[in-house]
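Since the structure comes first, as structure tokens, the remarks are kept for the end.
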Amino acid sequence: MQRLFSDFRRPSGQRPGAIWWSFIAVATVVVFALPQVLDLAQLLDLSVVFVLALLALSMSFLWGYVGILSFGQTAFFGLGGYVYAVAAMNWGDTTLPFLLGILVPLAFAALLGVFMVYGKISDIYFSVMTLVITLILNKAMRATSGDQYVIGDVRLNGQNGIPGVPPLQVPWNPTVTLFIDHVYYLSAALIVLVYVGLRLLLTTSFGRVLVGIRENERRIELLGYDARRYKFAAFALSGGVAGLSGTMFAIWGNFVAPEMFGLGQAAEVIIWVIVGGKSTLIGPIVGTGIIQYLTSWLGTQGVGQVTLVLGVVLVVFVLLFKEGLVPTLGSLIARLFGGRRKQGEAE
Amino acid sequence: MTGASPKGILETRDLRKVFGGVHAVDGVDFVLKEGELRCLIGPNGAGKSTFFKLVTGQIQPSDGQIFFDGHEVSAHASHEIARLGVGIKNQKPDVFDGLSARENLWLAAQFAHDKAGARRQVEEVIERLQLGGFVHRLVGELAHGQRQWVEIGMVMAREPRLILLDEPSAGMGQEERVRTAELLKELNRTTTIVVVEHDMQFIKRIADIVTVFHRGKVLREAKVDVVLSDPEVRDVYLGRTEVA
């Protein structure tokens, strides 16, 4: 039981046990069975939760494991969406644009990483700079409403965004495009794969060092590891995951707009991650779901100040559940079932 | 590199570190021969821990040079110095609190060995340091002495050529101190060691040559008996006289 709880509190470099795999299997079955009972509108809502949860995962991976708070995950998110939109609309085909929607943000994050990680910028300036970068991109995209801002045949359209982003085609049969339920299955598969992939990454030599950096960066350096190399790689990887999220967002909504880079979007990701719990990877997924549903529920209740309510939720969580929802519940259940034994005894 | 070629496995020349006008290390010339087990003593604030931090690249010197195994490492980052073969146990336990003792050792061993070698090395350290009783527990939950053992184990797991230990017996009971002393003597058969200590019994048990630090400078350097019977050293420790 302890291993399951450790994954819900503060995963280490240990291999997840059979219980964790069972949890993944059950969750996968449930997620893939839901289309049998949900209608298309509900599937559409749930798809975007999975898509945005990828963005939350990209932040919590970096923040929870390497200790870097990147406000600018939305820069890679927006970039992924725009790259996919522009490339797919120009080329007609969507397979290569889909890959570019991941690779271009990854490369952009790598480039920024060279300056910021190797430039020995302190953590607080790292956060500020990433925020500034996403705001610059937001501003730049808003300023592209003129006729001269065209890439190939696609007008960037400034703050109106780009409508009519093509749906994803089946790579081996481009005449078939993905419909709402297919996008749901793809989003569900991606969130499961990325979550499992990032969790298993922690069990590799690379991942164990990331966990070590989270715990004590000085000791990692004194053991001979160049922490900057690992931070750089983690930052680039998180850029790629955020890019994937942006690409899927463009596919889900058939639309991209400068708001993808905006302050509101950047702040929302932080709320998802804090509410869910940044020390786990499952927490931000849960946080995204709760906040997204809370936001739309508040909308249906006629609450005008949704942002204000979200702010209160954030304050409550920061003050009362410092670790976030999932780690707090994980600790509670572990205490109920496991006495005083802790994660290390699971091995 | 300037001047004469470096002597010994570790040498510092006119090493200085100034913190806001305070000369924490003030012109230290230090030579350590390969295979030595050297003790550094001195009152609190004498500059011993700062000296260790300089040698391991945790802080950069204000002036002077540091040579390890013939290479100048004065401006090297700590991971580069570690790769050359320097391991350190800091004064306060400097471990991965959120990981188990075994994971701590594994992180240390995997850098220096392949997978099978790292596994072997971890088991060997666990057996040698008798960590078996708490190897699966989170290090943050262990007693101070046990955390010290884990940190010493991490340093050993990398098999460095030079080990720096800052107060290895602090927080340990008498029995553990004897064990630590025996362990250091055993380690010294293959590794050069420098130990910062306050416990004179412990120092007598392990040391041959002792270097006394005072106000950032080397005050004395001689055989342990000579140093400990030196009136000036005794006065510095007891704080009775000012030493220029």
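Rule-based calculations on the coordinates, nothing more; no lab input. Remember, predicted model here, so these are calculated numbers, not experimental data. Using ideal geometry, Cβ is built from the backbone for each residue, glycine included, and neighbour counts are taken over all protein chains shown.
Worth pointing out:
- The stretch A:233-347 shape via C-alpha gyration tensor axes, a/c threshold 1.5: oblate
- Each peptide in A:248-261, A:20-33, A:214-227, A:322-335 receives the mean, over its residues, of other Cβ atoms within 10 Å, and ordering these scores from highest gives A:248-261, A:214-227, A:322-335, A:20-33.
- Other residues with beta-carbon under 15 Å from the beta-carbon of A:Gln159 carry, at +1 per Lys or Arg and -1 per Asp or Glu, a net charge of +2.
- Using the Cβ-Cβ distance between A:Val29 and A:Arg229 with R0 = 41 Å, the FRET efficiency computed as 1/(1 + (r/R0)^6) comes to roughly 0.60.
- Amide H contacts of A:Phe255 (H built 1.01 Å from N, in plane; Pro and chain starts excluded): A:Val165 sit under 5 Å, all sequence-distant by 5 or more or on other chains.
- Reach of A:Lys231 by Cα under 19 Å, taken over lysines that are not fewer than 8 positions away in the same chain: A:Lys120, A:Lys278
- In terms of its C-alpha gyration tensor, the stretch A:101-253 comes out oblate, because a/c is 1.5 or above while a/b does not outweigh b/c.
- Phi angles across the stretch A:49-55 convert, under the Karplus curve 6.51 cos²θ - 1.76 cosθ + 1.60 with θ = phi - 60°, into 3J(HN,Hα) values of 4, 5, 5, 6, 5, 4, 5 Hz, Gly and Pro given as x.
- Helices in chain B, meaning DSSP H runs of at least 4 residues, each add -39500 (n - 2.57). Divided by all residues, the mean residue ellipticity at 222 nm is -10500 deg cm²/dmol.
- Of the beta bridges in the protein assembly as shown, as assigned by DSSP with both residues counted there, near 65 percent are antiparallel.
- Chain A: calculated mean residue ellipticity at 222 nm from DSSP helix runs of at least 4, using -39500 (n - 2.57): -22500 deg cm²/dmol
- For the stretch A:152-213 versus the stretch B:96-145, the spacing of their alpha-carbon centroids is 38 Å.
- The mean count of C-beta atoms from other chains within 10 Å of the C-beta of residues in B:81-87, rounded to a whole number, is 3.
- Shielding score for B:135-144, defined as the mean number of other chain Cβ atoms within 10 Å: 3
- Note that the stretch A:252-259 has calculated 3J(HN,Hα) couplings of 5, x, 6, 7, 10, 8, x, 4 Hz, one per residue in order, obtained from phi through the Karplus relation 6.51 cos²θ - 1.76 cosθ + 1.60 (θ = phi - 60°); glycine and proline are x.
- Pair B:Met200, B:Glu80: separation of 7 Å Cα→Cβ label points (nm): 4.3
- Straight Cα distances below 17 angstrom link B:Lys217 to the lysines B:Lys17, B:Lys48, B:Lys53, with same-chain residues fewer than 8 positions distant left out.
- Which of A:Leu79, A:Leu69, A:Leu135 has the fewest Cβ neighbours within 10 Å, and the rest in rising order: A:Leu135, A:Leu69, A:Leu79
- Other residues whose C-beta falls under 15 angstrom from the C-beta of A:Leu298 contribute a net charge of -2, scoring Lys and Arg +1 and Asp and Glu -1.
- Anisotropy class of the stretch B:93-159 from Cα gyration tensor, a/c 1.5 cut: prolate
- Annotation: the residues A:Ser127, A:Ser60, sorted from fewest to most other C-beta atoms within 10 Å of their own C-beta, follow the order A:Ser127, A:Ser60.
- Percentage relative contact order, the stretch B:93-159, counting C-alpha pairs under 8 Å, at least six apart: 52
- Under the Karplus curve 6.51 cos²θ - 1.76 cosθ + 1.60, θ = phi - 60°, whole-Hz ³J(HN,Hα) for the stretch B:12-22, x wherever Gly or Pro sits: 10, 10, 6, 6, 9, 9, 10, 10, x, x, 8
- Each of the peptides B:186-198, A:196-208 was scored by the mean count of other Cβ atoms within 10 Å over its residues; in descending order, highest first, they stand as B:186-198, A:196-208.
- Residues with amide H under 5 Å from that of B:Lys217, placed H, sequence gap 5 or more: B:Asp26
- What the Cβ-Cβ distance of A:Val37 and B:Ala143 gives, at R0 = 56 Å and to the nearest 0.05, is a FRET efficiency of 0.55.
- Exposure proxy order (Cβ contacts within 10 Å, fewest to most) of A:Phe179, B:Phe68, B:Phe51: A:Phe179, B:Phe68, B:Phe51
- Two-site label geometry, A:Leu336 and A:Thr95: point separation in nm, points 7 Å out along Cα→Cβ: 4.9
- Extension gain for A:Gln159 to A:Val306 (0.36 nm times residue separation, less C-alpha to C-alpha distance): 50.7 nm.
- Between B:Glu232 and A:Ile19, the simple label model (points 7 Å from Cα in the Cβ direction) yields a spacing of 6.5 nm.
- Efficiency of FRET from Cβ geometry, A:Thr204 and B:Asp208, R₀ 51 Å, rounded to 0.05: 0.70
- Relative contact order computed over chain A (Cα-Cα under 8 Å; 6+ residues apart), in percent: 33
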